[in-house]
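Visitor: Here's a structure for you.
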Amino acid sequence: MKRKLEKIFKRLYSVFGQQYWWPADSAFEVIIGAILTQNTNWSNVQKAILALKKRKLLTAPKLYQLSPKQLADLIRSAGYYNIKAARIKNFLEFFFQRYAGKIKLMAAGNWQALRVELLTVKGVGPETADSILLYALNKPVFVVDAYTKRIFSRHGLIEPEADYSQLQGIFMRHLKNNVKLFNQYHALLVKLGKDYCRKQNPKCEICPLWSTKNA
């Protein structure tokens, strides 16, 4: 499996190159983006982020002061805006009560313990928690998403019913424990999933990984 994972990474990197993901101006912006991106595409998230930036509200203290309705109105473009506003407020409540609203304080401790804490926040699941850890706090945890599962299932590397932790474990066990590697690998899989390994009408015949499927 280690050899297969390395081969997939090298192939995708040779085709797509550096991905520069996650695009954000601050760690806090990454966190908000990770919550907003649930069940929507990134272009909708960007619109919501831009709406907050235009009003100079993309800081923890300012968002904390907004009511759920005020926040929901600002992030409408991200979809499920009432639910997502509540989830952001839940995170902010945790962020201020546990870490005084300070990113450095939250990032200072053991990341495994922080992951457990994040998963207690209503609306923060494994993918969101791991996105916060990897992309906002630079912790060595591999993010798994629907693209990852689809790609590896179609290539026969996992069972279709494999859950999040099982798939994540494959990467965590067989790859070097490295933030930059985990960041780049996940971003490359997202690129492949969006452009080739689509849920409907996948472009299998021109997929960059076609030649590695049976290797």
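Visitor: Kindly indicate whether any position in the range 43-61 is of a type in the set (K, R), crowded, with 17+ Cβ neighbours inside 10 Å, under 18 Å from the mean Cα position of the chain (by Cα) and outside the structural domain of Y196 (by TED's automatic domain parsing).
Guide: No, there is no match, as no residue in the range 43-61 is of a type in the set (K, R), crowded, with 17+ Cβ neighbours inside 10 Å, under 18 Å from the mean Cα position of the chain (by Cα) and outside the structural domain of Y196 (by TED's automatic domain parsing).
Visitor: Starting from residues that are hydrophobic (A, V, I, L, M, F, W, C) and in contact with a helix residue (DSSP H, G or I) (Cβ under 7 Å, 6 or more places away or on another chain), keep the ones in the range 180-190 and report whichever is surrounded by the most Cβ atoms within 10 Å (Cβ to Cβ).
Guide: The residue in question is L189.
Visitor: If you scan the range 122-171, which residues turn out to be farther than 30 Å from A85 by Cα and without any contact (Cβ under 8 Å) to a residue 24 or more places away in the chain? Write out each step before concluding.
Guide: We begin by selecting, within the range 122-171, every residue farther than 30 Å from A85 by Cα; these are 151-162, 166, 169-171.
F152, S153, I158, E159, P160, E161, A162, Q166, G169 - these are the residues of the range 122-171 that are farther than 30 Å from A85 by Cα and without any contact (Cβ under 8 Å) to a residue 24 or more places away in the chain.
Visitor: Out of the range 84-118, which residues are surrounded by fewer than 15 Cβ atoms within 10 Å (Cβ to Cβ) and among the aliphatic types (A, V, I, L, M)?
Guide: Across the range 84-118, the qualifying residues are A100, L105, A108, A113, V116.
Visitor: Since Q38 meets every condition but one in (1) assigned by TED's automatic domain parsing to the domain that holds A129; (2) more than 19 Å from F95 (Cβ to Cβ), which condition does it not meet?
Guide: It is condition (2) that Q38 fails.
Visitor: Which of the residues that make up the range 154-191 are aliphatic (A, V, I, L, M) and part of a loop (DSSP other than H, G, I, E, B)? Even if it seems obvious, please write down each step before you answer.
Guide: Pass one, the range 154-191, residues aliphatic (A, V, I, L, M): 157-158, 162, 167, 170, 172, 175, 179, 181, 187-190.
Passing the criteria: L157, I158, A162, L175.
Visitor: Is it the case that V121 is within 17 Å of the chain's Cα centre (by Cα) and loosely packed, with under 14 Cβ neighbours inside 10 Å?
Guide: no
Visitor: Could you identify the single residue in G33, G79 that is over 16 Å from the mean Cα position of the chain (by Cα) and crowded, with 16+ Cβ neighbours inside 10 Å?
Guide: Numbers: G33 fails: over 16 Å from the mean Cα position of the chain (by Cα).
Being over 16 Å from the mean Cα position of the chain (by Cα) and crowded, with 16+ Cβ neighbours inside 10 Å holds for just one of G33, G79, which is G79.
Visitor: Separate question: Of all residues in the range 1-30 being among the small types (G, A, S) and within 13 Å of Q184 (Cβ to Cβ), which is surrounded by the most Cβ atoms within 10 Å (Cβ to Cβ)?
Guide: Here the answer is G17.
Visitor: In the list I151, I170, which residue meets the criterion of being within 16 Å of R11 (Cβ to Cβ), assigned by TED's automatic domain parsing to the domain that holds F16 and either at pLDDT 95 or above or in contact with a strand residue (DSSP E or B) (Cβ under 8 Å, 6 or more places away or on another chain) (or both)? First the steps, then the outcome.
Guide: Numbers: I170 fails: within 16 Å of R11 (Cβ to Cβ).
Within the list I151, I170, the selection yields I151.
Visitor: Could you run through the range 194-208 and say how many residues are in a helix (DSSP H, G or I) and under 22 Å from the mean Cα position of the chain (by Cα)? Working first, answer last.
Guide: Taking the range 194-208 first, the residues in a helix (DSSP H, G or I) are 194-195, 204-206.
Among the residues that remain, those that are also under 22 Å from the mean Cα position of the chain (by Cα) are: 194-195.
Residues meeting the conditions: 2.
The values are calculated or read from the model by the stated rules, or taken from the named source; none is laboratory data. The shown structure was predicted, so the numbers you read here are calculated from the model rather than taken from an experiment. In this analysis, Cβ positions are derived from the backbone assuming ideal geometry, glycine residues included, and neighbour counts consider all displayed protein chains.
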